[in-house]
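These notes concern the structure reproduced below.
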Amino acid sequence: MNLGTRKILDNSFTAVGMGSIVVMALALLVVLTPIVYNGVGAVFFTGTIEHRTMLYKEYGRGDSKTIEAQSATADRYRGEAYRMLSGFEAEMEGMTPEASREYRSKYAPVRAAMSSLLGPLPGDPQPMLTRFQYGQTRWEKAEEKLHDILYEKKWDYSDPTVMAKEFYVPRAEAFAGTKLAPLFGYVDKHLADMMQPQFTFYWGFFTDRSLDAHIFGGIWPEIQGTFFLAIGAMLFAFPLGVIAAVYFTEYAKEGFFTSILRSANSTLAGVPSIVFGLFGLAFFINTMKVSESKSVLAGSLTLAIMILPTIIRAAEEAILSVPKTYKEASLGLGSTKWNTIATVILPAALPGIITGGIISLGRAAGETAPIIFTAAVSVGSAIGIADVFSSPTPALSWNIYNLASEHEMASEIRHVQYGMVLSLVSIVLLLNLSAILLRAKISQKLKG
Amino acid sequence: MMKRILLLLSVLLFASVDAVAVGGGIVIDGSTTVGPIAKSFAAYFKNRYAVPVTVSESGSGNGAKGLINGTCDIASMSRAMKGREIAAAATKGVNPVAHTIALDGIAIVVHPSNPVAGLTRAQIASIYEGRITSWKGVGGPNARIVVIQRESNSGTQGSFGELVMGKGVQITRNAETQASNGAVKNRVSSTPGAIGFLGMGFVDRSVKVIGVNGVRPSLSAIRNGSYPVSRPLYMYTNGQPTGVVKQFIDLAGTVEGKRIVGELGFIAQ
C-alpha cells in the first residue's frame with residue numbers, strides 16, 4: 001500500500017472514531033437533558049402559598065408569621081372570588097327551575113376548577129384526602145387550572161362520520177349577564193395575588209416522607225429503600241464473589257468441572273433480570289420463607305444473585321492481572337499459598353475488584369424486575385434498619401415505574417416522577433464516580 | 001479514606017433506625033383498581049393508629065396468590081376469587097374471606113375526539129371479539145378500532161370478560177394488552193381510534209366515557225344496577241380478620257372510609 005492511501009485510510013478511521021464519540025455524546029445529552037431539566041423542577045420551582053401552607057401544616061416547616069401574612073393577603077383576593085361564587089349561587093336560587101338547572105350544569109365544572117385551584121371552597125366539608133385539602137402547590141399547575149376555569153374544552157361532534165376536533169370556548173360567555181360573569185376576568189387578573197407565587201427551593205424533596213401517595217412531599221422512603229437494597233445485595237454478593245474468584249483463579253484445577261462452572265457463571269450473567277425476580281419469589285419467599293412477606297432481605301438476596309456473576313468476573317480479571325512475579329516472589333520467600341493470596345494478590349487486585357463491585361452496586365440500585373415480587377411496594381414508609389428482615393420497602397426504580405403507569409393521578413405529578421429519575425441517575429453516577437476515584441486512590445497507594 | 005466511606009455508609013444505614021415502630025404492620029397486595037383506595041386507607045390508618053401499612057399493586061391474580069402463599073395479610077381484588085384459587089387456598093390451609101369495600105363501574109372509554117357517544121353491550125362484545133373492526137360499524141367515522149385490554153392477571157379484565165363478553169368468549173388476538181388502569185388511560189388518551197375499559201376512579205378528562213345500553217356510569221346508575229358493567233371491589237383476608245387487620249377492613253364501613261372512597265371516584269356501599 002502506498003503512503004498516500006495509508007494516510008487517507010488512517011485519517012478516515014480517525015474521523016469515524018471521532019464521529020461515533022460525538023454521536024454518543026449527543027445521544028447522552030438527549031437522554032440526560034430532559035431528565036436533569038425536569039428533575040431539577042421537583043426541587044427548584046415556583047411554589048404557591050398553598051405549598052408553603054402545606055409544608056407548614058404537614059411538616060411543621062417554614063416561618064409561621066410570613067406564611068400567615070401571605071395567606072391573609074391571598075385570602076383577601078380570594079374572598080372577592082368566593083363572594084362572586086356565593087352571589088351567583090344565591091342568584092340561581094331565584095331563577096326559574098329550567099334556567100337554574102341549565103346554569104347549574106355549567107356552574108359545576110367552574111366550581112370544581114376553582115376548588116382544584118384554591119383548595120376547598122368556603123362551606124365545603126374538609127376533604128378526607130390530603131390531595132384535596134390544598135389548592136395547587138406549583139405555579140405552572142395553577143396556570144393550567146386557570147386555563148380550565150377560563151375556557152371549556154369542547155369537541156365538535158356534529159359530524160358523526162369524522163373524528164372530532166377540539167376547540168376552546170370562553171366560559172364567561174355562558175354566564176354573561178349573571179353575577180358570575182366578572183369572576184373570570186377577576187381570577188385571570190389576580191391569579192398571582194391569590195396564589196402568591198415565590199421561587200421555592202424544596203430541599204425536603206429528598207428527605208421528606210411522601211404524603212397521600214406522592215401527591216405531596218418527598219421521596220426519602222424510596223431513596224432509603226434503594227440504598228438498603230443495593231447495600232444489602234453487596235453484603236451478600238461481594239464476599240461470595242471474591243471468594244469464588246479466588247477459587248477459580250488460584251485453586252480450581254483446569255478441567256471439565258471448572259469449565260462447566262465457568263460457563264454456568266457466564267450464562268447466569270446473561271439471564272434476564274425478571275427471571276431472577278420470579279426465582280427470588282419462588283425460592284426465597286415461598287420455599288425458604290426468609291420472611292413472611294416481601295422484604296428487603298428477600299430483595300437483597302435476589303439482587304445479590306443477579307450481580308454475583310459480574311462480581312466474580314471482575315474479581316477474576318483483577319486477580320489474573322496481578323503480575324505472576326508478585327506471587328512467585330512471595331512464595332519464594334517461604335509464604336504459604338493462603339498467606340500469599342491474602343497479603344499479596346488480593347491487595348494488588350483490590351482496585352479492579354472494587355471497581356467491579358461498585359459498578360454492580362449501581363446496577364443493583366437501578367434494577368426493577370428483581371424487586372417487583374420480592375421487595376418493592378408502591379406505598380410504604382421509610383423503614384428502620386431492624387425492619388429489613390421483615391418489611392418491604394418502596395424503592396426508586398419500582399416507584400418510577402409505578403408513577404409512570406399505575407398511579408391514578410400520574411399526569412398531575414410528573415415532576416415527582418422526574419425527580420425520582422434524576423435521583424436514581426445521580427445515585428448510580430455518583431457510585432460509578434466513586435468507583436473511579438477509589439480505584440485511582442488505591443492504585444496510587446500501591447505504587448507509592 | 002476507607003474509614004470515612006464506611007462511616008458514611010453506617011450513618012446512612014442507621015439514620016432512620018428510630019423512624020418507625022418495629023414490625024406489626026399490615027401488608028396489602030393485589031388489584032391496581034383497588035390501589036387508590038388501599039393507598040388512601042393506608043395513609044389514613046397510619047396517621048390515626050400509627051400502624052405501618054404497605055401497599056403493592058401487582059394485579060388481582062397476584063394478590064390472590066399472595067394471600068394463598070401467606071405473603072400478604074390482605075389481598076385487594078377487583079373480582080371475586082375463582083373456584084380454583086379457593087381450592088388452592090384450601091390445600092394450603094388458607095380460608096379466604098371476602099369483604100366488599102366499594103362498588104365500581106367499569107367505564108368504557110374512547111378518545112375524546114371520537115363522536116360515538118354510546119354503544120350497546122353487544123356492540124362492545126363484537127368489537128372485543130374482533131367482528132367489528134372499524135368505528136364505521138357502530139355509526140362512527142371510518143377509522144380502525146384499536147382494541148385495548150388488560151393482562152390476564154387483572155381483575156378488571158376478568159370482570160369485563162364476565163359482564164360484557166359472556167363466559168368463554170375469546171377477546172380478539174389483535175387486542176393490545178396494557179398492564180394497569182393508568183396505562184390503559186394513557187394509551188386511549190393518545191390514540192384517536194382506541195377503546196378501552198377503566199375502573200371509575202381512574203377516569204379523568206383525558207378520555208371520553210361512553211354509555212352502555214344508553215346508560216352512563218354515574219353514582220346512581222351503578223348503585224341501582226342500571227349500569228350493566230359494574231362490580232364490587234373486595235379485600236380478602238385469611239379467615240375472619242382480627243386485630244389491626246380487622247380494624248383496617250372495618251374502615252370501609254365507617255363514615256371516614258366511605259368519604260375517602262367517594263372522593264376517589266368510587267362508590268361507597
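Please tell me if B:Ile260 is among the hydrophobic types (A, V, I, L, M, F, W, C) and either within 13 Å of chain A (Cβ to nearest Cβ) or more than 14 Å from the chain's Cα centre (by Cα) (or both). It is true that B:Ile260 is among the hydrophobic types (A, V, I, L, M, F, W, C) and either within 13 Å of chain A (Cβ to nearest Cβ) or more than 14 Å from the chain's Cα centre (by Cα) (or both).
Quick one: which residue in A:Lys253, A:Lys327 is away from chain B (no Cβ under 14 Å), part of a helix (DSSP H, G or I), over 28 Å from A:Phe227 (Cα atoms) and among the basic types (Lys, Arg)? Steps first, answer last, please.
Details: A:Lys253 fails: part of a helix (DSSP H, G or I).
Exactly one residue qualifies, and that residue is A:Lys327.
Selection of first residues in region A:294-317 that are buried (at least 24 other Cβ atoms within 10 Å of the Cβ) and of second residues that are charged (D, E, K, R), restricted to Cβ pairs under 7 Å at least 6 apart or on distinct chains, gives the following pairs, ordered by first then second residue: A:Leu303/A:Glu367; A:Met306/A:Glu367; A:Ile307/A:Arg363. How many of the residues in region A:187-237 are surrounded by 22 or more Cβ atoms within 10 Å (Cβ to Cβ), free of Cβ contacts under 8 Å to residues at least 24 places away in the same chain and away from every other protein chain (no Cβ under 14 Å)? Here the count works out to 0.
Residues in region A:395-440 that are surrounded by 19 or more Cβ atoms within 10 Å (Cβ to Cβ), among the hydrophobic types (A, V, I, L, M, F, W, C) and at the interface with chain B (Cβ under 10 Å from one of its Cβ atoms) were compared, and the one that is farthest from A:Phe44 (Cα to Cα) is A:Leu438. In region B:51-74, the residues that are more than 10 Å from chain A (Cβ to nearest Cβ) form Cβ pairs under 7 Å with partners that are among the hydroxyl-bearing types (Ser, Thr, Tyr) and surrounded by fewer than 24 Cβ atoms within 10 Å (Cβ to Cβ), at six or more places apart or across chains, as follows: B:Ile74/B:Thr237.
Scan region B:75-98 for residues that are buried (at least 19 other Cβ atoms within 10 Å of the Cβ) and not in a loop (DSSP other than H, G, I, E, B) and jot them down. B:Ala75, B:Ser76, B:Met77, B:Glu85, B:Ala89, B:Pro96 - these are the residues of region B:75-98 that are buried (at least 19 other Cβ atoms within 10 Å of the Cβ) and not in a loop (DSSP other than H, G, I, E, B).
Could you list, in sequence order, the residues of region B:238-256 that are part of a helix (DSSP H, G or I), out of contact with any strand residue (DSSP E or B) (no Cβ under 8 Å at 6 or more places or on another chain) and either within 11 Å of chain A (Cβ to nearest Cβ) or in contact (Cβ under 8 Å) with a residue 40 or more places away in the chain (or both)? Across region B:238-256, the qualifying residues are B:Gln247, B:Leu251, B:Val255, B:Glu256. Of all residue pairs spaced 6 or more apart or on separate chains, those with beta-carbon atoms under 8 Å, a first member in region A:157-174 that is without any contact (Cβ under 8 Å) to a residue 12 or more places away in the chain and a second member that is of a type in the set (D, E, K, R) are A:Thr161/B:Lys136; A:Ala164/A:Asp156; A:Lys165/A:Asp156. Kindly evaluate B:Asp204 against the criterion of being among the acidic types (Asp, Glu) and outside the structural domain of B:Ile37 (by TED's automatic domain parsing). When the stated conditions are applied, B:Asp204 passes them.
Would you point out which residue out of A:Thr343, A:Thr368 is in contact with a Phe, Trp or Tyr (Cβ under 8 Å, 6 or more places away or on another chain) and of a type in the set (S, T, N, Q)? Only one candidate passes the filter, namely A:Thr368. Only a single item in (1) free of Cβ contacts under 8 Å to residues at least 40 places away in the same chain; (2) out of contact with any helix residue (DSSP H, G or I) (no Cβ under 8 Å at 6 or more places or on another chain) is not met by A:Arg131, and it is number (1).
The values are calculated or read from the model by the stated rules, or taken from the named source; none is laboratory data. Please read all numbers here as calculations on a predicted model, not as lab measurements. Positions of Cβ are generated from backbone atoms using ideal geometry, with glycine treated the same way; all protein chains shown enter the neighbour counts.
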